[in-house]
Amino acid sequence: MMLQALRSTRLITTDRLMMIPPGRENLPDLIRLKADERVFAWMLHGVRSPERTREELEDDIDFWAVRGYGTWCVFERATGDFLGICGLMERPDGRGVALRYALWPECRGKGYAREAARAALAFGHAAGLKRIIAVARYTNHASRAVMTDIGMTACADYTHKGEAMLVFESLG
């Protein structure tokens with residue numbers, strides 16, 4: 001009961017979306033999402049096995065408990081459909097707290113990523129995060145457009161495994 005109350009205080013609703021910190025009940029949706037190359041081939045470390053997804057879910061739950069922010073499961077309010085994930089996580093390369101999002105390809109062009117990312121960014125700044133970054137491949141124009149549209153600005157670049165990467169930041 002207490003865990004449910006804690007999770008609900010971190011729930012975000014927007015006009016079209018409901019964003020809920022992940023729980024074990026979300027594992028089947030997360031396994032499908034993170035195993036899909038159309039979605040996770042773009043993400044750091046690529047597609048995940050079911051075992052790795054289970055480990056990441058446990059990490060996400062723990063991260064929320066320690067930090068008070070993290071990754072949300074994103075649902076369409078009107079239908080209850082699972083659309084993907086969006087949230088704030090420490091980057092493993094030490095660059096800082098990063099905004100990340102991964103939604104089903106069927107969601108593209110509907111503004112869901114912008115809506116979720118904008119809400120996550122606002123939550124992070126309200127939680128006291130002064131600087132939030134986001135990283136995209138130079139060739140990922142859609143993700144770069146999302147970052148720009150929600151007010152993030154390009155601040156650095158680097159190469160990762162032969163790919164040109166852009167770093168965006170939001171200063172709250």
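No lab work stands behind these numbers, since they all come straight from the coordinates. Note that the structure is a prediction, hence the values are computed from the model and not measured. Note that we place each Cβ from the backbone using ideal geometry, even for glycine, and neighbour counts take in every protein chain shown.
Within segment 124-148, restricting attention to residues that are part of a helix (DSSP H, G or I) and either among the β-branched types (Val, Ile, Thr) or out of contact with any Gly (no Cβ under 9 Å at 6 or more places or on another chain) (or both), which residue is surrounded by the fewest Cβ atoms within 10 Å (Cβ to Cβ)?
So in segment 124-148, the residues part of a helix (DSSP H, G or I) come out as 124-126, 141-148.
Of the ones still in play, those that are also either among the β-branched types (Val, Ile, Thr) or out of contact with any Gly (no Cβ under 9 Å at 6 or more places or on another chain) (or both) are 141, 143-148.
Numbers: HIS141: 10, SER143: 21, ARG144: 18, ALA145: 13, VAL146: 24, MET147: 27, THR148: 12.
Here the residue is HIS141.
Of all the criteria given as (1) surrounded by 15 or more Cβ atoms within 10 Å (Cβ to Cβ); (2) touching a residue at least 60 places away in the same chain (Cβ under 8 Å), the one not satisfied by VAL47 is (2).
Report yes if some residue within segment 55-66 is touching a residue at least 24 places away in the same chain (Cβ under 8 Å) and in a loop (DSSP other than H, G, I, E, B); otherwise report no. No. Answer yes if at least one residue in segment 80-88 is surrounded by 12 or more Cβ atoms within 10 Å (Cβ to Cβ), among the hydrophobic types (A, V, I, L, M, F, W, C), out of contact with any Lys or Arg (no Cβ under 8 Å at 6 or more places or on another chain) and under 21 Å from ALA113 (Cα atoms), and no otherwise. Yes, because at least one residue in segment 80-88 is surrounded by 12 or more Cβ atoms within 10 Å (Cβ to Cβ), among the hydrophobic types (A, V, I, L, M, F, W, C), out of contact with any Lys or Arg (no Cβ under 8 Å at 6 or more places or on another chain) and under 21 Å from ALA113 (Cα atoms). Restricting segment 30-41 to residues that are buried (at least 18 other Cβ atoms within 10 Å of the Cβ) and touching a Pro at 6+ places or on another chain (Cβ under 9 Å), the residue that is farthest from GLU55 (Cα to Cα) is VAL39. If a residue must be in contact with an Asp or Glu (Cβ under 8 Å, 6 or more places away or on another chain), over 13 Å from MET18 (Cβ atoms) and either assigned to a loop (DSSP other than H, G, I, E, B) or among the aromatic types (Phe, Trp, Tyr) (or both), how many such residues does segment 71-103 contain? Selection size over segment 71-103: 1.
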